[in-house]
Amino acid sequence: MAFADNDTAQLDRKAATALVAKWLDLWNGDTAIAEEIISDDNRVHAAMFDGGDGSAVGGISGMVSLVSQMRSLMSDLDFSVEVGPIVDGDHVVVRWVATGHYGGGVPGAGAAVGTEVTFHGTDILRVSGDKVVEYWLNADTMDLMTQLQVGAG
């Protein structure tokens, strides 16, 4: 891929598209690809279900755990890109949609196991040396929790 190691270089769109395809593969359950696209130093910025900010999720194993945790709630979860990739310097942005069937496990959820859910989000990836070194996740968790009927009752 044609990514640069400094912050001033522009990512090549073809390389960014290839990275996003692998990123989707990761989120669609191919965790073996993580070592190929995630830096050992990867940092995550996200509002987590447990109230954390994502700073505890780091490196390759942290990303694999994050993906596995999400997929444990919906094993048939399927991510696809709605917009992007948008390339700006060493950043790649994608707007995604995820669909799947709830498998249980969210505290306080009133939705029946098997309930179909669809939710959206935006990922911002900072890339260096062909790997994701920083990841910002902005998902519509409120929409997801509403569909899972968390707190309903």
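Per-residue 3J(HN,Hα) values for the range 70-86, derived from phi via the Karplus relation 6.51 cos²θ - 1.76 cosθ + 1.60 with θ = phi - 60°, read 5, 6, 5, 7, 8, 5, 9, 3, 10, 9, 9, 8, 9, 9, x, x, 9 Hz in sequence order (x marks Gly and Pro).
Taking the Cα centre of the chain as reference, the dipole from Cβ charges on Lys and Arg (+1) and Asp and Glu (-1) amounts to some 220 debye. Counted over the chain, the DSSP beta bridges are approximately 90% antiparallel.
Between S128 and V133, the built amide H atoms are under 5 Å apart, and every one of these is 5 or more places off in sequence or on another chain. Between T146 and A18, what FRET efficiency comes out of the Förster formula 1/(1 + (r/R0)^6) with R0 = 30 Å and r the beta carbon distance, rounded to 0.05? Calculated value: 0.30. Rounded to the nearest 10 degrees, the angle from helix 13-27 to the longest Cα principal axis of the chain is 30 degrees. Rounded to the nearest whole Hz, the Karplus-based 3J(HN,Hα) values (6.51 cos²θ - 1.76 cosθ + 1.60, θ = phi - 60°) of the range 87-98 follow the sequence 10, 9, x, 9, 10, 10, 10, 9, 9, 10, 10, 10, with x at glycine and proline.
Build a GNM of the chain with springs between Cα atoms under 10 Å apart, and of M74, M142, M63 the one that fluctuates most is M142. For the range 32-43, what does the Karplus curve 6.51 cos²θ - 1.76 cosθ + 1.60, with θ = phi - 60°, yield as ³J(HN,Hα) per residue in whole Hz, taken in order and with x for Gly and Pro? Whole-Hz 3J(HN,Hα) from phi for the range 32-43: 5, 7, 4, 4, 6, 10, 10, 6, 4, 9, 3, 10. Considering only alpha-carbon pairs that sit under 8 angstrom and 6 or more positions apart, the relative contact order computed for the chain is 24 percent.
Only the coordinates and a few stated rules stand behind these numbers; no lab work does. Treat the numbers as computed from the prediction; the structure is a model and nothing was measured. With ideal geometry, Cβ positions are generated from the backbone for all residues, glycine too; neighbour counts draw on all protein chains shown.
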